Structure formats: C-alpha cells, structure tokens
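Note sheet for the following structure.
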Amino acid sequence: MTHSHSHSAPAKSPSVTRNSTEPESSSLSIFRIFGPTLICLGGLIVGWLAELSLPLQLSETSQSHWTLGLVIALAYSISYLSGGLPIAKLSLKAALDGEINIDFLMLVGAAGAALIGEFSEGAVLLFLFSLSHGLETYILGRTKNAIRTLMDLSPEIATLIRNGIETKIPIDQVIVGDLVLVRPSERVPIDGLVETGRSTIDESSVTGESIPVDKDVGSKVLSGTLNLDGVLTVRVQRLADESTLARMVRLVETAQSEQATTQQFTQWFDRTYPWIVLSLSAVAFVVYWCVSRQFATAFLSAMTILVIASPCAVVISIPAAILTAIASAARGGILFKGGLAVERLAKVDAIAFDKTGTLTYGKPQVVDITSAPGTTVVELLSTAAALERDSEHPLSKALMQEALAQNVDVPSASDVQVVVGNGISGRIAGLTIRVGKVNWLISIADAIPEQLRLQIEQHRDQGQTVIGVTREREWLGIFCIADLARSTAKETLAEIRELGIHKLIMLTGDHPSVASRIAEPLNLEFLAELLPHQKLDQLDVLRRAGFTTAMIGDGMNDAPALAAADVGISLGGAGTDVALETADVIVMADDLRRLPHAIRLARQTQRIINQNLTLAFGVMGTLLLTTLVWPLPLPVAVLGHEGSTVLVILNGLRLLWFKRPTNSVRR
C-alpha cells in the first residue's frame, strides 16, 4: 500500500500534548499554601492574649504598659500582614482588570476594624478568609493531574512495519493505513484493525470490560489497551490525535471547563457586592456629614455601616459549613473536593453507575466448579492450577486463587505452552493436559459429558465465562468464572431509593448478558456495550430530562463521564489515578455503603448553609435598617456583627457530629 503522506510531518494535536498537562499544583508545598494562614493565626492568638492581660497591668509601671502595647501592635501587625498580603495581591490583580471583588472588601473590613480599634476582629476576618482560600487552592490544584495520567496510557513510540522492516517512530508520525506491530505485554498505540495474529486484549482501562477480549484478524483494537499474550499486526484507522484515548483526554478537558460555568452567580456576587457596600458607606458618610457637619461623627457612622455590612458572617456562612462537612466526611471515609461538590451532591436526583469495580468487585472469581464423572473437584482444580501457576492472565489468577483458597496440592507440569486465543497446554505425569475455551477443547477431546454440556449452557446464558479442562481426550470438568456483584450493592441501592433518588441506571462497556446478570438482581436499569463518549451521551439525555446527575465509576474509561456529570464519584480503593483525580467525591474505603451517607451529609450541609445565610443576611439587614433609623453605637454594631459570625460558625460545627456509617463488611 502506498501513502500520500510523509512520516516526517507529525500530526498536530495541541490539546493532548503531554507537556501541556503538567499539574499547576506540583510546585506548591503545603507550607507555601497554608504558611501565611498559620502565621496570621499565631499573631491573632498572641495579640488577643496580650489584650486580655492588659487590664491586669493597671497597677504596673508605664514601662510595662508600653511593652505590652508594643507586643499587641507587633502581633496584630504580623497577623494583618501575613493574612492580608496574599489577599491584597489578588485584589490588586483584580483591580488592574477593572474589578473590585470580595477580597478587596475583606481588606477594607479589616482596615475599618483596625481604624476603630477592633484589631482582633479584623485579624479573625483575615484568618478565616485566608484559611478557606488556602483549602480551595490546595484541593483544586490537584485536579490538574487527571489528563496527564490519561496520557500515560498511550505509548510514545510505535513499531512500524514497512516492506518487512521494523522501525520505531514517534506515535504522532503514524498515519492512517500504516501497519503497526504490537508484542505481548505492550499497550496498543493506535486505533486499528488486526491484520495478522491472534491474542487476548485487556480493554478494562478503556471500555471497562472486566474479562480480557479475544482478538483475531479483522477485530478492532483501541489505543491504550493492553496486549496480553499474542503478537499482532494492526492496520491504523485513526491518527494519534483522533484515537479513542485522545478523544477521552479532550472529553475530560471539555467537561471540566463546562463545570466552571455553573459558578456564574458566585462570580457575579463577588464583583457586585463590594461596590454595594462601599457605595452604601459613602452615601452614609455624605448624609451624616450633611446632617451633623462633623467629619468625625460622619466618618464613625460610615465605618459603623461598613462594619455592619461587612460580609464576614455571610462569607463565613458557607465555609463554616463546607469545611466542617469535609472534615466530617473524611472521618466517614469520604473525600469531597471542595464546596461545589457538596452543593451539587445535595441536589442529585439521578445516579449512573459503572459496572466493573463499582457495582462489582472488578476482578474475575471462580463461582462454580463442575467435575466430570470419575473426577473429583480437588483433582480437577489441582490439574488446572499446575498449568496456570505461572500465568499472568486474569482468568489464570482466578483459578490460582481458588486453588489457594481450597488448599489443594499442585503437581508439577512440563512443556507448558500458551495456545494463543484458546488457552494453555502442558504435560503432567506424561499425559497432555489442556485448559481453555470450551469450543477449543470440543474440537480436540471426546464427546463432552451431558452434565457438563448443560452446565456450560446455563452459565453462558448468565453471561459467565466457562473454562474447560481435559486430559488427553478425556474431559475432567469445567470452571465458571465471573466478576461478582458487591455484597453491599443491593442494600446501598435500597438506601439511595429511600432518599428519594429513583432514577438509577448502570452504564457499562460489557456484553448485555453480563450486564443483565449484575443489574437484574439489583432491580437496576442498564445500558451495555457503551464506549466512553456514549456514556457522556446518556448523561446528556438525563440532564436534558431535567435531572441533576451523578456518575459513579473507578476505571480509566469513566474519566470523561466523571468529569461531565454534575457530580463525579469514584471508589478510592479500587479506582484508577485518573478517576480519583477527575472525580468530585471519592469514597476512600471502597465501600458503596458510604454513598448514601455522603448524600445525607451533603443535604444536611445545604440545609445548614441556607440557615446560616438566612441568619447572616437577617442580622445584617436588621442592623442596617436600625442604624439608618436610629444610629447604633459602634459597640452594639460590632456585637451584632460578631454575634452573627459566631452563631453561623457554631451552626456549621454541628456537622462534626453528623452520624457516620458503620465499618464496611469485609469479604
């Protein structure tokens, strides 16, 4: 075959290059993020303690008063500088862009508190705001690792075959129609069709298929999947930047950027509210000056309004609940990646589940053993284990785990060879043993016993994999292997339905018969044989129907759907790195029963946020209306302002005692 393209012209794919995916947070240390916050807190504590001891120094000398005053001044100066400088930088950057945000208002509120002698109030304001900003920076910075982890699946070099000669070239120089060689234990570098060879491909990282898939001439292979045993030559169908893996990267990028648009109201409030407060204070100053003609009185009244209208309680209302909820959730084995994840989870009314590793354990297990007449189960298992003991195939591992569980003696085998695409053969005590696909063994051995034939049909109807064992031409028996549903799946789904979430669906890349075997006992709707982009399509269907969606998965193929859903949830114990980085919520203990707890906690957090905001705005509005009609003394204004702040914090702290789930049941 001739090509019209030159290999010297690499295909460009700016959106999926590895260099562009370096995480922004890699250079940030914990101290760099939280150091200023800790210093701010230290200065606040020292200054506050010094202020408390000031009345005790009335009988001391003026030198003692002077020394104590210096300590107070230095402590609060350190607190203001460490807590205020990072915020000032953000405010200056926004100001250069023509915006005044809440960061600026925090500085004005702190400065106003200092001007009227309430240094501790300003320091508290700066500390709490600095703390919430640091947590946001740390958590959100980690999500930048997702795309890099996806790209690590793709080989950078492909082995090209041209005129019978093997040549290694960069993957972005491969063009459509090229012939690429893929050896055992190598990842497929491109999307294409098998030209020659037979093998078994582990597609779990892309399709979620738990059982490796056999590939023959004409079979389609996907980039990023793992070739297990045979040698394949693959005819390229797509360029590197158009492959399945590259599309997954772009889907993650797009989905993450679309999520950011949901924060428009917060951004509007951040831009608008500071102007309202500053304008209100300025108007108050002018009005009071016109009435009293006294600058000091007018300025004090304006500062009183600024203190009252300062959104300390409003701004702390949400972090007080969110940060406490995150801490409480962590104690219950759940990690929320920020307040937006908590808010969205509280609104979820439709949940899509991946199958492999989410509703199931994610690894093949022997679920049934049937021995032929004249053969014991122990003999059958020991014979199969003798051939499979050194194999890395997932089905071989399942057989070996069963042999270990039953503590059988495994004899020695010789001349063990892999029969690509069919199974494995070897010799025990001079007799030929074969372990593998039933159809392969039927073509070699004597007629299959009737009881084995009936068991094979039954297991196949249930979407389970059947492995046969023969000695010479005699049947010894069969093994049924499957990926089982988690023991906690049924009760978890029941709890979720009790919470009022009735739209539950399983989205999987597995065969319909396999999906049905898992979904039907759980009374769960399902769609099978879905590729990653088709899972996104199903989430879009739910969203257009008016649902707030959550996607629960653990595999590489789930990453785009996790990012595209309103809330992406990953099981931490079984989850891949990219799923963990892309997800908004991580169930750390790999226990599905934590999911209903997470939903309950999110809903309770949202209720407390609403209570806090109502209280904060209510107190602020009451104080403002009162001081406009009858000017409040500054101490009363400060007391009302600080009182509402303390109340919303205490209300948020109630989440620390939110009931956590019991320990997971271990298998």
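Taking each residue of region 224-246 that is farther than 18 Å from Ile157 by Cβ and looking for partners that are of a type in the set (S, T, N, Q) and in a loop (DSSP other than H, G, I, E, B) with beta-carbon atoms closer than 6 Å, six or more apart or interchain, yields Thr244/Ser223. Condition first: modelled with pLDDT of 65 or more, open to solvent by less than 30 Å² (accessible area, probe 1.4 Å) and among the aliphatic types (A, V, I, L, M). Can you find one or more residues in region 74-83 that meet it? Yes. Looking only at region 84-101, count how many residues are open to solvent by 20 Å² or more (accessible area, probe 1.4 Å), in a helix (DSSP H, G or I) and either touching an Asp or Glu at 6+ places or on another chain (Cβ under 8 Å) or touching a residue at least 12 places away in the same chain (Cβ under 8 Å) (or both). The number of residues fulfilling the criteria is 4.
Summed over region 175-199, the residues that are hydrophobic (A, V, I, L, M, F, W, C) and either open to solvent by 50 Å² or more (accessible area, probe 1.4 Å) or part of a loop (DSSP other than H, G, I, E, B) (or both) give a count of 5. For region 414-445, taking the residues that are closer than 17 Å to Thr383 by Cβ and part of a loop (DSSP other than H, G, I, E, B), the one that is least open to solvent (accessible area, probe 1.4 Å) is identified as Ala445. Considering the conditions (1) surrounded by 24 or more Cβ atoms within 10 Å (Cβ to Cβ); (2) under 32 Å from the mean Cα position of the chain (by Cα); (3) modelled with pLDDT under 80, Arg667 is excluded by exactly one of them, (1). Those helices (runs of 4 or more DSSP H) of region 508-612 in which 3 or more residues are open to solvent by 40 Å² or more (accessible area, probe 1.4 Å) and modelled with pLDDT of 90 or more occupy 532-544.
For the subset of region 103-120 comprising residues that are open to solvent by 20 Å² or more (accessible area, probe 1.4 Å) and not small (Gly, Ala, Ser), which member is modelled with the lowest pLDDT? Let's see the steps before the verdict.
Within region 103-120, the subset open to solvent by 20 Å² or more (accessible area, probe 1.4 Å) is 103-104, 107-108, 111, 114-120.
Among the residues that remain, those that are also not small (Gly, Ala, Ser) are: 103-104, 107-108, 115-116, 118-119.
On the way: Asp103: 72, Phe104: 78, Leu107: 80, Val108: 74, Leu115: 75, Ile116: 66, Glu118: 72, Phe119: 82.
So the residue we want is Ile116.
Total residues in region 477-507 satisfying the condition of being of a type in the set (Gly, Ala, Ser) and assigned to a helix (DSSP H, G or I): the figure is 2.
Would you point out the residue of region 469-503, among those that are in contact with a Phe, Trp or Tyr (Cβ under 7 Å, 6 or more places away or on another chain) and more than 14 Å from Leu592 (Cβ to Cβ), that is surrounded by the most Cβ atoms within 10 Å (Cβ to Cβ)? Can you show your working first?
As a first pass, look at region 469-503 and keep what is in contact with a Phe, Trp or Tyr (Cβ under 7 Å, 6 or more places away or on another chain): 483-484, 486, 503.
Adding the requirement that they be more than 14 Å from Leu592 (Cβ to Cβ) leaves 483, 503.
On the way: Asp483: 27, Lys503: 15.
Across region 469-503, the extreme among qualifying residues is Asp483.
Every condition in (1) open to solvent by 10 Å² or more (accessible area, probe 1.4 Å); (2) in contact (Cβ under 8 Å) with a residue 40 or more places away in the chain; (3) at negative phi is met by Gly362 except one, and the failing one is (3). Tell me whether region 452-468 contains one or more residues that are assigned to a loop (DSSP other than H, G, I, E, B) and farther than 17 Å from Ala482 by Cα. The answer is no, given that none of the residues of region 452-468 is assigned to a loop (DSSP other than H, G, I, E, B) and farther than 17 Å from Ala482 by Cα. Among the residues of region 430-450, not one is among the polar types (S, T, N, Q) and in contact with a Ser or Thr (Cβ under 6 Å, 6 or more places away or on another chain).
Contact map, region 282-297: first residue surrounded by 13 or more Cβ atoms within 10 Å (Cβ to Cβ), second residue of a type in the set (A, V, I, L, M), Cβ cut-off under 6 Å, separation 6 or more or different chains; pairs are Ala284/Ala302; Ala284/Ile305; Phe285/Ala298; Phe285/Ala302; Tyr288/Ala298; Trp289/Ala298. The residues listed here are Leu56, Leu131, Leu140; of these, the one that is assigned to a helix (DSSP H, G or I), modelled with pLDDT under 70 and under 25 Å from Leu340 (Cβ atoms) is Leu140.
For the condition under 17 Å from Ala598 (Cβ atoms), of a type outside the set (Ser, Thr, Tyr), surrounded by 18 or more Cβ atoms within 10 Å (Cβ to Cβ) and touching a strand residue (DSSP E or B) at 6+ places or on another chain (Cβ under 7 Å), Ala341 qualifies.
The set of residues in region 385-413 being of a type in the set (S, T, N, Q) and either in contact (Cβ under 8 Å) with a residue 60 or more places away in the chain or surrounded by 18 or more Cβ atoms within 10 Å (Cβ to Cβ) (or both) consists of Ser391, Ser396.
Do we have Leu399 as more than 40 Å from the chain's Cα centre (by Cα) and modelled with pLDDT of 90 or more here? It is false that Leu399 is more than 40 Å from the chain's Cα centre (by Cα) and modelled with pLDDT of 90 or more.
The values are calculated or read from the model by the stated rules, or taken from the named source; none is laboratory data. Please read all numbers here as calculations on a predicted model, not as lab measurements. Neighbour counts run over all protein chains shown; Cβ positions are idealised from the backbone, glycine included. For the accessible areas, the whole protein counts, side chains as well, though only heavy atoms, and no ligand, DNA or RNA atoms are used. Shrake-Rupley method; radii C 1.70, N 1.55, O 1.52, S 1.80 Å.
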